[in-house]
Amino acid sequence: MLVEVVAGGLHLKDAGDPEGAVGMARTRAEASTRHPRHERRGEVRLPAVVATLAAIALYLFLPQRLLVAPRYVLPALECLLLVPLIAINPKRLTRQTRTFRVLSLTLVAVIAVSNLVALVILIHELVYAGVKDGRSLLVAALQVWLTNIIVFGLAYWELDRGGPVSRTQAPRSALPLADFRFSQDENDDAVQEVADGASGTSDWVPTLVDYLYVSVTNSTAFSPTDTMPLSTRAKLLMSIQSVAALFTSLLVIARAVSILH
């Protein structure tokens, strides 16, 4: 494998591959035209489906005493909401209708509310119920915490700048006000290799992975890190998430210490 210096950056080449196809490397100039917005390709649907199904599965396997309804009722409802969303945009998120928007936000809201209710019941069980099987509740607390990360990541992804469809299909001048400020949104004046990937230079937009990262850091640091909330609703959602994560962590630590003793 050889490294060739070309205009705009480094290019990987194989000794037996004069065209440099091995590695599929792109120069910075090429990378600046390959984000979803440039070709209006839209985000890939699969990651959001996987994240949603993971949240549904985590809820499905919670202990019965943490559920507010028969075990399969809410997961079945969430799957029913997910199916038409996949039908509207089966591969990439390029079409948005009022029905699509309502269904997607309703799905996230149902998962979020059911998980927060499970957290409240979990807190009651750990603090007041005197449950002897503390280990199963510790596992349940981990499930609630992971669902918390997934669902709030999905919520940020659905709300910021009009949602995943608007972020790639609408011109920037038509986008709603941003709910979050990512580091790429202010890197235009950084060193060249950083500035080339900034929003203003490459037309970068956040994807689901970026919002899941925001959710992970908010659930572990209990505060924003490199991505700042701008809108009132973003600050409210991040506050709810961090408080829920803090309560979960404190109760798990307290219960684990009591089990060990």
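The values are calculated or read from the model by the stated rules, or taken from the named source; none is laboratory data. Everything numeric here is computed off the predicted structure, so don't read it as measured data. For neighbour counting, all protein chains shown are included, and Cβ atoms are generated from backbone atoms with ideal geometry for every residue, glycine included. Ligands, DNA and RNA are stripped out before the accessible areas are found, and what is left, the full protein with its side chains, is counted by its heavy atoms. Shrake-Rupley method; radii C 1.70, N 1.55, O 1.52, S 1.80 Å.
Some notes on this structure:
- Of all residues in segment 214-226, those satisfying the criterion of being touching a residue at least 24 places away in the same chain (Cβ under 8 Å) and either under 24 Å from Leu93 (Cα atoms) or under 13 Å from the mean Cα position of the chain (by Cα) (or both) are Val214, Ser215, Val216, Asn218, Ser219.
- Yes/no for Val252 being in contact with a Ser or Thr (Cβ under 6 Å, 6 or more places away or on another chain), part of a helix (DSSP H, G or I) and open to solvent by less than 60 Å² (accessible area, probe 1.4 Å): no
- Tally of residues being open to solvent by 70 Å² or more (accessible area, probe 1.4 Å) and farther than 16 Å from Leu122 by Cβ across segment 52-94: 11
- Residue within segment 161-169 that is in a helix (DSSP H, G or I) and open to solvent by 50 Å² or more (accessible area, probe 1.4 Å) present: yes
- Hey, Ala155 under 28 Å from Ser242 (Cβ atoms), part of a helix (DSSP H, G or I), at pLDDT 95 or above and among the small types (Gly, Ala, Ser) or not: yes
- The single condition among (1) open to solvent by less than 10 Å² (accessible area, probe 1.4 Å); (2) farther than 30 Å from Arg65 by Cα that Gly153 does not satisfy is (2).
- No other residue among Leu126, Leu142 is among the aliphatic types (A, V, I, L, M), touching a Leu at 6+ places or on another chain (Cβ under 6 Å), at pLDDT below 95 and over 25 Å from Arg95 (Cα atoms) apart from Leu126.
- Residues in segment 217-231 that are hydroxyl-bearing (Ser, Thr, Tyr) and surrounded by 15 or more Cβ atoms within 10 Å (Cβ to Cβ): Thr217, Ser219, Thr227, Ser231.
- Considering only residues in segment 170-204 that are polar (S, T, N, Q) and touching an Asp or Glu at 6+ places or on another chain (Cβ under 8 Å), the one that is surrounded by the fewest Cβ atoms within 10 Å (Cβ to Cβ) turns out to be Ser183.
- Conditions (1) without any contact (Cβ under 8 Å) to a residue 40 or more places away in the chain; (2) out of contact with any Ser or Thr (no Cβ under 6 Å at 6 or more places or on another chain); number of the one not met by Gln184: (2)
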